[in-house]
Amino acid sequence: MKKVVKFGGSSLASAEQFQKAGDIIRSDGERRYVVPSAPGKRSSGDTKVTDMLYGCYAKAEAGKDFKAELKQIKERYEEIIRGLGLTLSLNEQFKTIEKDFKEKAGDNYAASRGEFLNGIIMAGYLGYEFIDAAEVIFFDEAGEFDSEKTNAVLSERLAKVERAVIPGFYGAYADGRVKTFSRGGSDITGSIVSRAVKADVYENWTDVSGFLVADPRIIDNPPVIDTITYRELRELSYMGATVLHEDAIFPVRREGIPINIRNTNMPEDRGTWIVESTCQKSRYVITGIAGKKGFCSVNIEKDMMNSEIGFGRKVLQAFEDNGISFEHVPSGIDTMTVFVHQDEFMDKEQKVVSAIHRMADPDTIDIESDLALVAVVGRGMKSTRGTAGRIFSALAHANINVRMIDQGSSELNIIIGVSNDDFENTIRAIYNIFVEIQL
């Protein structure tokens with residue numbers, strides 16, 4: 001078997017955390033390919049190395065002296081090296097970074113150095129080969145990830161290497177310039193490496209023991225989800241659940257590789273398994289609850305709308321022309337409602353309204369702001385009668401006014417729109433009816 005293991009920033013924030021990661025890797029000979037993040041926070045008041053690098057580079061870009069900031073970053077790594085008892089020196093790497101900062105190599109390059117340096121330390125600590133992600137992970141000229149070129153090059157490179165460390169978060173353009181994924185992108189790198197080596201398992205080690213049924217900031221001690229499908233995870237990630245970067249699913253999904261979310265500080269915990277499909281039933285009817293605040297709805301009414309060919313296209317064209325993506329579009333016979341992110345829409349609302357009038361000639365347009373969307377997700381909902389009824393009964397008992405209901409034909413999730421003020425109570429009410437009471 002082959003396992004790819006990715007460790008998050010909190011799992012590598014200090015020498016003590018490094019040692020935990022090293023113990024985990026060494027305890028299983030199948031853990032052959034390691035993807036490290038940059039050092040995260042050592043305590044709540046600490047600063048992530050990636051943020052330190054952004055700040056340092058901002059000074060360099062402005063032509064200011066940044067040596068003090070770069071020295072602080074170097075000290076973070078030297079503290080880890082000393083704590084691990086290594087003889088490793090990063091002097092040459094920091095000389096190169098200082099030179100590249102002065103030459104304004106770009107903030108993508110600056111941010112990537114956190115993972116790059118941590119990768120060198122991890123490789124030295126484990127005795128594994130270090131492979132710079134810029135040599136094996138590629139982006140096209142438009143800045144889009146080139147999955148097929150990456151997979152071909154990375155597969156060939158790793159076929160010759162028994163054990164390796166590949167830093168997360170970044171790759172490079174064809175000309176060698178460094179390009180990063182979005183924040184949290186080390187998850188994506190781990191998934192890319194898993195696909196390339198045809199891993200049996202992709203283990204993603206973090207500071208929680210898996211995916212939780214609900215947000216622990218709203219629900220006290222929610223249980224861990226034992227098994228979740230890729231599709232369920234996509235729905236929950238999209239609606240704000242953030243244990244795993246949502247784009248990390250795609251490379252492994254096409255190969256049928258399961259992901260195991262594990263806790264570096266509690267390695268004995270089973271964690272959450274993310275799989276393509278499963279016959280295992282959820283512990284509850286629902287798999288999880290997640291949501292986001294900050295939406296607004298644009299309600300368009302027009303008599304005989306349902307018989308007008310192309311009406312929906314014309315309305316959505318108005319949003320597209322103004323660079324606004326929509327979230328949900330529930331509709332009736334004479335009404336169509338478009339949900340959008342409020343912060344994207346506010347400055348362009350009158351342009352969109354004018355465009356809708358011009359293109360679709362509606363009778364009225366009404367805008368409502370400060371809305372939240374909550375997703376109730378679960379493969380068990382499809383085979384359980386009365387799930388929607390229980391949800392809305394619970395919300396009625398909690399005196400919550402439902403502004404929107406949207407359920408896909410897959411019956412995998414139900415999206416509920418409520419006011420921002422009712423967001424937390426909505427999640428509590430749904431959690432109570434399915435998890436606490438388990439009706």
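The values are calculated or read from the model by the stated rules, or taken from the named source; none is laboratory data. The structure presented is a predicted model; accordingly, all values stated were derived computationally and were not measured. Neighbour counts are summed over all protein chains in view; Cβ atoms, including those assigned to glycine, are modelled from backbone coordinates with ideal geometry. Just the protein is used for accessible areas: all its heavy atoms, side chains included, with ligands, DNA and RNA removed. Shrake-Rupley method; radii C 1.70, N 1.55, O 1.52, S 1.80 Å.
Data table
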read-out	value
Residue among Glu424, Glu368 that is touching a residue at least 40 places away in the same chain (Cβ under 8 Å), acidic (Asp, Glu) and more than 19 Å from Ser297 (Cβ to Cβ)	Glu424
Filter result (of a type in the set (S, T, N, Q), part of a loop (DSSP other than H, G, I, E, B) and in contact with a His (Cβ under 9 Å, 6 or more places away or on another chain)) within the stretch 179-215	Ser182
Leading residue by the ranking (modelled with the lowest pLDDT) among those in the stretch 225-282 that are basic (Lys, Arg) and part of a helix (DSSP H, G or I)	Arg234
Candidate set: the stretch 258-274, residues that are among the hydrophobic types (A, V, I, L, M, F, W, C) and open to solvent by 10 Å² or more (accessible area, probe 1.4 Å); chosen: the one farthest from Gly9 (Cα to Cα)	Trp273
Residue, nearest to Leu84 (Cα to Cα), within the stretch 127-147, restricted to residues that are buried (at least 19 other Cβ atoms within 10 Å of the Cβ) and among the hydrophobic types (A, V, I, L, M, F, W, C)	Ile131
His341 vs. criteria free of Cβ contacts under 8 Å to residues at least 40 places away in the same chain and either more than 31 Å from the chain's Cα centre (by Cα) or open to solvent by less than 50 Å² (accessible area, probe 1.4 Å) (or both)	no
Set Ser182, Ser209, Ser186: member being surrounded by 18 or more Cβ atoms within 10 Å (Cβ to Cβ), modelled with pLDDT under 95, of a type in the set (S, T, N, Q) and within 30 Å of Lys104 (Cβ to Cβ)	Ser186
Hey, Asp200 open to solvent by 40 Å² or more (accessible area, probe 1.4 Å), more than 20 Å from the chain's Cα centre (by Cα) and at pLDDT 95 or above or not	yes
Residues satisfying the stated conditions in the stretch 226-257, i.e. over 17 Å from the mean Cα position of the chain (by Cα) and either small (Gly, Ala, Ser) or open to solvent by 10 Å² or more (accessible area, probe 1.4 Å) (or both)	Asp226, Thr227, Arg254, Glu255, Gly256
Filtered residue count, the stretch 203-224, keeping only those that are within 17 Å of the chain's Cα centre (by Cα) and among the aliphatic types (A, V, I, L, M)	4
Residue list for the stretch 289-334, filter: of a type in the set (Val, Ile, Thr) and in a loop (DSSP other than H, G, I, E, B)	Ile309, Ile324, Val329, Ile333
Test: residue in the stretch 303-319 that is more than 23 Å from the chain's Cα centre (by Cα), open to solvent by less than 40 Å² (accessible area, probe 1.4 Å) and not hydrophobic (A, V, I, L, M, F, W, C)	yes
Leading residue by the ranking (nearest to Gly85 (Cα to Cα)) among those in the stretch 21-52 that are assigned to a helix (DSSP H, G or I) and in contact with a helix residue (DSSP H, G or I) (Cβ under 7 Å, 6 or more places away or on another chain)	Gly22
Count - residues of the stretch 379-407 that are touching a strand residue (DSSP E or B) at 6+ places or on another chain (Cβ under 9 Å), in contact (Cβ under 8 Å) with a residue 40 or more places away in the chain and open to solvent by 50 Å² or more (accessible area, probe 1.4 Å)	3
In the stretch 377-389, the residues that are under 30 Å from the mean Cα position of the chain (by Cα) and either at pLDDT 80 or above or hydroxyl-bearing (Ser, Thr, Tyr) (or both)	Val377, Gly378, Arg379, Met381, Ser383, Thr384, Thr387, Ala388
Test for Ile97: is it surrounded by fewer than 21 Cβ atoms within 10 Å (Cβ to Cβ), over 24 Å from Asp247 (Cβ atoms), of a type in the set (Val, Ile, Thr) and touching a Leu at 6+ places or on another chain (Cβ under 8 Å)	no
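To keep it simple, each residue is scored yes or no on (1) free of Cβ contacts under 8 Å to residues at least 60 places away in the same chain; (2) open to solvent by less than 70 Å² (accessible area, probe 1.4 Å).
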{"site": "Leu70", "(1), (2)": "yes, yes"}
{"site": "Ile80", "(1), (2)": "no, yes"}
{"site": "Gly83", "(1), (2)": "no, yes"}
{"site": "Thr87", "(1), (2)": "yes, no"}
{"site": "Ala111", "(1), (2)": "no, yes"}
